[in-house]
Amino acid sequence: MTRKERLNYQVIDGQRRKRIARGSGTTVQDVNRLLKSYVDIKKVMKKMTAKGGLKMMKRGHFPF
C-alpha cells in the first residue's frame, strides 16, 4: 500500500484491488479481507492509545 492508501484506505478502488490481488497471487476477496482486518486493527490501536488504554492493559483491564 502506498502512504496515501495507508492514511485513507477508502481511496483503494476496485481496479486497484484487482491489481493488488494479481500482484500478490491472491484473490480480490483476500485483499478485501486484509483491508477489513487493517481497519479493525487500526480501531483497536486507536482505543488502546486513547485515555491511557495501554496502561490499563498492563493492569489487566481491556478498554474494548
Qualifying positions in the range 10-53 - of a type in the set (Lys, Arg) and within 15 Å of the chain's Cα centre (by Cα): Arg17, Arg33, Lys36, Lys42, Lys43, Lys46, Lys47
List pairs: first in the range 34-45 and touching a residue at least 12 places away in the same chain (Cβ under 8 Å), second among the aromatic types (Phe, Trp, Tyr), Cβ under 6 Å, 6+ apart or cross-chain? Leu35/Tyr9
Anything in the range 1-13 that is touching a residue at least 12 places away in the same chain (Cβ under 8 Å) and in a helix (DSSP H, G or I)? List them, or say none. Tyr9
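No lab work stands behind these numbers, since they all come straight from the coordinates. Because the structure is a prediction, the values reported are computed rather than measured. Because the Cβ atoms are built from the backbone with ideal geometry, glycine has one as well, and the counts that use them run over all protein chains shown.
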